[in-house]
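The values are calculated or read from the model by the stated rules, or taken from the named source; none is laboratory data. Computed from a predicted model, the values in this text were never measured in an experiment. Virtual Cβ from ideal backbone geometry, glycine too; neighbours counted across all protein chains shown.
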Amino acid sequence: MEDEAIISLYFERSESAITQTDKKYGELCYSVANRILSSRPDSEECVQDAYLGIWNAIPPAHPSNFKAFVLRITRNISLSRLRKNLAKKRGADLEISLTELEAVLPDSKIRPDAEDSAIGEAINEFLGRLDTDSRVVFMRKYWFFDSVEEISKRFGFSESKVKSSLFRTREKLRRFLEERGVRI
């Protein structure tokens, strides 16, 4: 079923909207959640919570990119669950990834005027300007939370090359955001 047809089902408040979303994107949602949480039960619960979040958001939202909308909700719910779980146990690779990005993104406690949407648009513009390898490595690390080892195996790069690429890209992102008036 096409995304627009699924969105129409949400607007009609038809429960089949969730079924169709699950058929089309359920496996991908689970993959994103499980990459973050590394727990089947937590991942499955987050995917179900994401469906509820989508149900509550549409209407009034009418996403132009339904797949990205679904994955963003799944990812955000999974990250919230991770923060909750980190209070109980460790998540070293994910914590490292999040800490690395904190060094280049504005802190809302320090900069409450920094709007998420404006920062998101700036990051999208930045990513669009990167060469393919740098963009893919960056996204695998900070969106999908792949480890450096997993990225190096996936693309045939040395771990050193992956680490260097990530470092350079974070620095470019920091400079890019500062040029756009986003203070860290």
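Hey, any hits in the range 70-92 for a residue that's modelled with pLDDT of 90 or more and farther than 21 Å from Y142 by Cβ? Checked the range 70-92: no residue is modelled with pLDDT of 90 or more and farther than 21 Å from Y142 by Cβ.
Within the range 17-37, the set of residues being closer than 29 Å to V148 by Cα and free of Cβ contacts under 8 Å to residues at least 12 places away in the same chain comprises E27, S31, N34.
Yes/no per residue for (1) part of a helix (DSSP H, G or I); (2) aliphatic (A, V, I, L, M); (3) within 19 Å of F144 (Cα to Cα); (4) in contact with a Leu (Cβ under 9 Å, 6 or more places away or on another chain):
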site: Y51; (1), (2), (3), (4): yes, no, no, no
site: A61; (1), (2), (3), (4): no, yes, no, no
site: R72; (1), (2), (3), (4): yes, no, yes, no
site: R75; (1), (2), (3), (4): yes, no, yes, no
site: N85; (1), (2), (3), (4): yes, no, yes, yes
